[in-house]
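Note sheet for the following structure.
The values are calculated or read from the model by the stated rules, or taken from the named source; none is laboratory data. These figures come from a predicted structure and were not determined experimentally. Cβ coordinates were reconstructed from backbone atoms using ideal geometry, including for glycine residues, and neighbour counts include every protein chain displayed. When the accessible area is computed, the model is the full protein with side chains, heavy atoms only, and any ligands, DNA or RNA have been set aside. Shrake-Rupley method; radii C 1.70, N 1.55, O 1.52, S 1.80 Å.
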Amino acid sequence: MTMRPVVVAGAWLLAACLAALSLGPSRIPPTDVAVALLHGAGLDFSVDERTLAIVASLRLPRMLMAALVGGMLALAGATLQGLFRNPLADPGVLGITGGATLGAVTAIFFGASAMGGAVLPLAGFAGALAAAIAVDRLARVDGRIPVASLLLSGIALEALSRALTGVLIYASDDRQLRDITLWLLGSYAGASWDRLMLIAPFALLAAGTLPFFARGLDALMLGEREAGHLGIPVETLKRLAVGVAALGVGAVVSVAGPVGFVGLVVPHLVRLTHGPGHRRLIPLAAAYGAALSVAADTLARILVAPAELPVGLVTAAIGAPFFAFLIRREKRRLAA
């Protein structure tokens, strides 16, 4: 892989991160941001206390969380689209997003979220892991996991999770309903260093592991039998790819809520511009997913400042038109 696409993706991500640290209800010049970061790194630079507090305590952990969430969702989306050989696959098809949502909504409904700290993320993460285990058990046939069975099991579990979440929403009072609605819309407003440290080990482990499946995913594009002939352990690849993607997605959804369309849109954008090969697609999708997520959160903070929009609304506003574009493109392809 040539380095130019990596450099371009890195430049977009760097620009999005710099804008996230500079823009907001209180605008900070990029030079002051750089000085605050250098001061925070222990170098002897003089910086205004207010600027340091805004950059180091508020915007930096939020920017890092947005990058981690967006990168992980796009990485998982690219992996699952290759695994299922389905361009509409995203982390939601495995039921992981629904499981995390049900866990978090259950915590809010029973008042556990009022304890603060890590209770809500842990509840979401537990829901995601339970969903991953349930999908694995449902999809297994004679020790094998057929892709169609995995896909249908994930869709069924996602529907069940949504139904149970709906029951909890129906039975909620006004305060619970407000908290649940805000969580369901997706937001990085609760970002903090503590929450970032809580999910980072799981998300970084998943992000560091998924690129190693690129060769197997490229072989799977030819079909499972052909991939087996090329020496790919197909069943092992499926179990590991699904398990690692579930680990990473469960971690990030548990703190940010179900941020939509990133896992679906970004792999398509990268595939259109850089081709379908997963050795290039997976790392570039992670970089562009992180950049999109950080940029969407910056827009969410400045469009209606001093209030802010849930980031899920911004990503949906970007993703829905792109989804319509995909449908139109597919219709043209079928008509040709």
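The residue list L60, L37, L18, L102 contains one member that is open to solvent by 20 Å² or more (accessible area, probe 1.4 Å), assigned to a helix (DSSP H, G or I) and touching a Ser or Thr at 6+ places or on another chain (Cβ under 6 Å), which is L102. In the range 113-128, the residues that are over 10 Å from I96 (Cα atoms) and assigned to a helix (DSSP H, G or I) reach residues that are among the charged types (D, E, K, R) and modelled with pLDDT of 80 or more with C-beta atoms within less than 7 angstrom, at least six apart or across chains, in these pairs: S113/D179; P121/R195.
On the stretch given as the range 212-221, residues that are crowded, with 17+ Cβ neighbours inside 10 Å and aromatic (F, W, Y) total 1. If the condition is being within 15 Å of G257 (Cβ to Cβ), touching a Gly at 6+ places or on another chain (Cβ under 9 Å) and buried (at least 17 other Cβ atoms within 10 Å of the Cβ), then the range 169-185 contributes W183, L184, L185. Annotation: of all residues in the range 68-97 being assigned to a loop (DSSP other than H, G, I, E, B) and open to solvent by less than 10 Å² (accessible area, probe 1.4 Å), the one that is modelled with the highest pLDDT is G95.
Report whether or not V141 is under 28 Å from R225 (Cβ atoms) and open to solvent by 30 Å² or more (accessible area, probe 1.4 Å). Yes. Within this structure, T209 passes the test of being open to solvent by less than 60 Å² (accessible area, probe 1.4 Å) and of a type in the set (V, I, T).
Whenever a residue of the range 92-111 is under 14 Å from D179 (Cβ atoms) and in contact (Cβ under 8 Å) with a residue 60 or more places away in the chain, its partners that are among the charged types (D, E, K, R) and open to solvent by 10 Å² or more (accessible area, probe 1.4 Å), lying with C-beta atoms within less than 8 angstrom and at least six residues away or across chains, give the pairs T101/R162; I108/D179.
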